[in-house]
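A.B. asks: After the structure tokens below, expect a handful of questions from me.
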Amino acid sequence: MRVLFVVDQIDYEPHGIMHLSSALKAAGHEVRLAIAAYQDPVKVAQEWRPGIVGFSVITGSHRKYLELNRRIKEAVPVFSAFGGPHPTFFPEMIEADGVDGICIGEGEEALVDLANALDAGTFEPTILNWHFKWNGEIVRNPVRRLQADLDALPPPDRALIYDADPVSRASRIKHFIAGRGCPYRCTYCFNHALLELYRGKGPFVRLRSVNSVLEEVKQVRERYGLEFVVFLDDTFILNRKWLREFTELYPRAVGLPFFCNVRANLVDEEMVQLLARAGCHSVSMGVEVGNEQVRNELLKRDMTREQILNAARLLRQAGIQFTTTNMIGLPNTTFENDLETLDLNIECKPAYAHVMIFQPYPRTALGEYTRERDLMYGSFDDFGEVAWDDSVLKFSPEHKRKLRNLQRFFAILVEWPALRPFVERFLLNLPTNWFYWLLYKLWKGYALKQRVHPVRLSLKETFLLAWHFLRIKS
């Protein structure tokens, strides 16, 4: 069976698709990738004639992929399969025109089962993890047990991505994942909803062995070249025993600087020392909001201001660069609350302060809270491709304009707080414009390149990276 994955563009390696591809190839199927930014997926489908066309979809990108799917199905008879966060948490997507099946949750075994059945001509709509259209009805199957042993999975198929995308292949920064699952129940995140989906289906938080992770990094370095490692795990430091082993082995086996995500309440002196000894150059930690009540009652972060400031202090003392992640425009909050978030970031002194305007997602506690109280415009199905740089909540036009402008100037004000009176008094009150966006992108690009993920680049590589970065929509 031939399986064609379609993506619009690649910001960094899509691990979900890479894992699905490696599972399909291990089962004897052929896989190809079409990147719409470089080629017309319809022409690829016409020439290659796949049996399945697959889309990995987040909320906001779903309408674009539904349109791509419509065009492909007009040209080629294919089974259209959608997976990823949007169909998992908005399973109503199965009702959309042209959608033959949606995969709920982790998809390696589920997609292989589908490809095997279609290839053998034995398809029945009873495959676990799948919702299907069948004889005019919708069949909804439960999820299977989680794969407990991540080492048993084949490594992600990087050749699929790097052969199709020269920018990703040439990048000296490459991305890895050491585990799956998160034990925390932050209301804005999908992890608590995924935990409920898989309750009773095996351990939710799972880690690969340290040796498995190191072997993947070494193989990527040998085959493609690598100068800086990024671990995408939600919280890389969850398991202290695992991290101690990693700290002992990584410097000898790999020895490259790396970036990972941490959680402020887990950061203590030992944790920081372990990261520093391993060669950690930079981390990201979620501040999210400055107001204690909003952070812990609305978002369920279970994290104090003192823990955040202490983590920032320890990281600075260890010489580890850190970024923060933040949200503004939360439901039932004020613009003054958002300025409290700015204040806390100024105290933290990060290398860069990421901020997004709150985006409610389906089946998350905060997304449902927003929907049930009629605090947002439209439905989850109406969201556009880039919703996090503008608010979908029912704020006044003036409030929404100030949110958009604060999002553009937030990181700049954290770095140069002396500009704050001028920005607050004048610039936040002007119409949002392209110049604000350009300032935002320039400072973000510089800070990430020079401070967070520093690698040596030729002049040509610098221009290619800048072009790619400016095309990214966030």
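The values are calculated or read from the model by the stated rules, or taken from the named source; none is laboratory data. Keep in mind it's a predicted model, so treat the numbers as computed, not measured. Here Cβ is always computed from backbone atoms with ideal geometry, including for glycine, and neighbour counts include all displayed protein chains.
A.B. asks: Checking the structure you have, find out if any residue of the stretch 146-169 is modelled with pLDDT of 95 or more, farther than 24 Å from Glu30 by Cβ and β-branched (Val, Ile, Thr).
C.D. replies: no
A.B. asks: Further question: Can you tell me which residue among Asp381, Asp343, Asp389 is surrounded by fewer than 19 Cβ atoms within 10 Å (Cβ to Cβ), in contact (Cβ under 8 Å) with a residue 60 or more places away in the chain and under 24 Å from Arg301 (Cβ atoms)? Steps first, answer last, please.
C.D. replies: Numbers: Asp381 fails: under 24 Å from Arg301 (Cβ atoms); Asp343 fails: in contact (Cβ under 8 Å) with a residue 60 or more places away in the chain.
None of the others qualify; the one that does is Asp389.
A.B. asks: So is Ala276 in a helix (DSSP H, G or I) and crowded, with 19+ Cβ neighbours inside 10 Å or not?
C.D. replies: Values: in a helix (DSSP H, G or I): yes; crowded, with 19+ Cβ neighbours inside 10 Å: no.
Taking the combined requirement at face value, the residue does not satisfy it.
A.B. asks: Moving to a separate point now. So how many residues does the stretch 256-297 have that are touching a strand residue (DSSP E or B) at 6+ places or on another chain (Cβ under 8 Å) and among the polar types (S, T, N, Q)? Walk me through how you get there before you give the answer.
C.D. replies: Within the stretch 256-297, the subset touching a strand residue (DSSP E or B) at 6+ places or on another chain (Cβ under 8 Å) is 256-264, 267, 271, 275, 278-289, 295.
If we keep only those that are among the polar types (S, T, N, Q) too, we end up with 261, 282, 284.
Looking only at that region, the number is 3.
A.B. asks: Of all residues in the stretch 94-112 being touching a residue at least 60 places away in the same chain (Cβ under 8 Å) and either out of contact with any Phe, Trp or Tyr (no Cβ under 8 Å at 6 or more places or on another chain) or not in a loop (DSSP other than H, G, I, E, B) (or both), which is surrounded by the most Cβ atoms within 10 Å (Cβ to Cβ)? Steps first, answer last, please.
C.D. replies: The first filter runs over the stretch 94-112 and keeps only residues touching a residue at least 60 places away in the same chain (Cβ under 8 Å), leaving 104-109, 111-112.
After this cut, where a residue has to be either out of contact with any Phe, Trp or Tyr (no Cβ under 8 Å at 6 or more places or on another chain) or not in a loop (DSSP other than H, G, I, E, B) (or both) as well, the list is 106-109, 111-112.
Values: Glu106: 23, Gly107: 24, Glu108: 21, Glu109: 17, Leu111: 27, Val112: 21.
For the stretch 94-112, the residue satisfying everything is Leu111.
Let's see how each residue does on (1) under 21 Å from Asn326 (Cα atoms); (2) more than 22 Å from the chain's Cα centre (by Cα):
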| residue | (1), (2) |
| --- | --- |
| Leu366 | yes, no |
| Asp374 | no, yes |
| Asp381 | no, no |
| Ser391 | yes, no |
| Pro417 | yes, yes |
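A.B. asks: Testing Lys394 on (1) under 30 Å from Gln317 (Cα atoms); (2) without any contact (Cβ under 8 Å) to a residue 40 or more places away in the chain, one condition comes back false. Which one is that?
C.D. replies: (1)
A.B. asks: Being out of contact with any Asp or Glu (no Cβ under 9 Å at 6 or more places or on another chain), acidic (Asp, Glu), more than 18 Å from Asn265 (Cβ to Cβ) and buried (at least 17 other Cβ atoms within 10 Å of the Cβ), is that true of even one residue in the stretch 353-373?
C.D. replies: no
A.B. asks: Does the stretch 142-162 hold any residues that are surrounded by 14 or more Cβ atoms within 10 Å (Cβ to Cβ) and within 10 Å of Gly202 (Cβ to Cβ), and which are they?
C.D. replies: The answer is Arg144, Leu146, Gln147.
A.B. asks: Name the residues in the stretch 107-136 that are over 26 Å from Leu194 (Cβ atoms) and either in the same structural domain as Arg180 (by TED's automatic domain parsing) or in contact with a His (Cβ under 9 Å, 6 or more places away or on another chain) (or both), would you?
C.D. replies: Asp119
A.B. asks: Continuing with this model, one more query. Name the residues in the stretch 329-346 that are of a type in the set (Val, Ile, Thr) and either outside the structural domain of Asn291 (by TED's automatic domain parsing) or in contact with a strand residue (DSSP E or B) (Cβ under 6 Å, 6 or more places away or on another chain) (or both), would you? Please lay out each step first, then the result.
C.D. replies: Pass one, the stretch 329-346, residues of a type in the set (Val, Ile, Thr): 333-334, 341, 346.
Thr341, the sole residue that qualifies.
A.B. asks: Same structure, new question: Being of a type in the set (Lys, Arg) and out of contact with any Gly (no Cβ under 6 Å at 6 or more places or on another chain) is the filter here; which residues of the stretch 64-106 pass it?
C.D. replies: The first filter runs over the stretch 64-106 and keeps only residues of a type in the set (Lys, Arg), leaving 64, 70-71, 73.
Lys64, Arg71 - these are the residues of the stretch 64-106 that are of a type in the set (Lys, Arg) and out of contact with any Gly (no Cβ under 6 Å at 6 or more places or on another chain).
A.B. asks: Right, next: Among what's in the stretch 1-44 and is surrounded by fewer than 22 Cβ atoms within 10 Å (Cβ to Cβ) and among the polar types (S, T, N, Q), pick the residue that is farthest from Ile104 (Cα to Cα).
C.D. replies: It comes out as Gln39.
A.B. asks: Here's something else I'd like to know. I need a count of the residues in the stretch 142-161 that are out of contact with any strand residue (DSSP E or B) (no Cβ under 9 Å at 6 or more places or on another chain) and outside any loop (DSSP other than H, G, I, E, B).
C.D. replies: Residues meeting the conditions: 3.
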